[in-house]
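Undergrad: This is the structure I have questions about; it appears just below.
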Amino acid sequence: MHLCHTKINNMNTNKILVAGLVGAAFAFILGFLTWGIVLSEFFEANAGTATGVIRGDDEMLWIPMILGHLAWGFLLAIIYGRWANIKTFSTGAKAGAVLGFLIAFTYDMINLGSTHISNTLGAIVDVLAMTVVTAIVGGIVGWMLGRGNAESGV
């Protein structure tokens, strides 16, 4: 019994690791497309009075960027795989939307109230963008965790 339980835990841990890495990769790509390309001019136009806070392409610090996206992927994978038992794209997307909204709303409202980084419209759009991106990443993480399960449809 103990050996079987250990094997199941190892399989779950491996799925969480893979789902976290895949989620991190998608978070990085979707983040670049969303904030780096699609919304970059919008956020420039809706910045607060603080200057010099956005790094240019040639100033990007890649190690913190990679670590942040890994944390994003593993946050969802650990919550879904260890506590919430999320194993489908749709459930992962719904949970991702809620988590993305709450995390972004917390971050953006505190920043809006305490810094000059963004104006109100910029903060609201950032919350909406984070909600959508985290829903997609959450769906992918949920799908990855459910691969091979009858209920995941894969």
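Coordinate-derived values only; no laboratory data. Note that the coordinates shown come from a computational prediction; the quantities given were computed from them, not determined experimentally. Cβ coordinates were reconstructed from backbone atoms using ideal geometry, including for glycine residues, and neighbour counts include every protein chain displayed.
Undergrad: Considering the options Gly122, Asn9, Thr51, tell which one lies farthest towards the positive end of the dipole of the range 2-148, charges being +1 on Lys and Arg and -1 on Asp and Glu at the Cβ, about the Cα centre.
TA: The one lying farthest along the dipole's positive direction is Asn9.
Undergrad: Read phi for every residue in the range 98-111 and hand back ³J(HN,Hα) as whole Hz from Karplus 6.51 cos²θ - 1.76 cosθ + 1.60, θ = phi - 60°, with x for Gly and Pro.
TA: Per residue, the Karplus-derived 3J(HN,Hα) values read 5, 5, x, 4, 5, 5, 5, 4, 4, 4, 5, 5, 5, 5 Hz.
Undergrad: Under a point-charge model restricted to the Cβ atoms of Lys and Arg (+1) and Asp and Glu (-1), what is the dipole moment magnitude of the chain relative to its Cα centre, in debye to the nearest 20?
TA: Its charge dipole is roughly 900 debye.
Undergrad: Right, something else. Could you work out Rg/(2.2 N^0.38 Å) for the chain, with Rg from alpha carbons only?
TA: Computed over Cα atoms of the chain, the ratio equals 1.18.
Undergrad: Turning to a different aspect of this structure: Is it possible to state the helix-based mean residue ellipticity at 222 nm for the chain, with each DSSP H run of 4+ residues giving -39500 (n - 2.57), the sum divided by total residues, to the nearest 500 deg cm²/dmol? What is it?
TA: Theoretical 222 nm ellipticity from helices: -24000 deg cm²/dmol.
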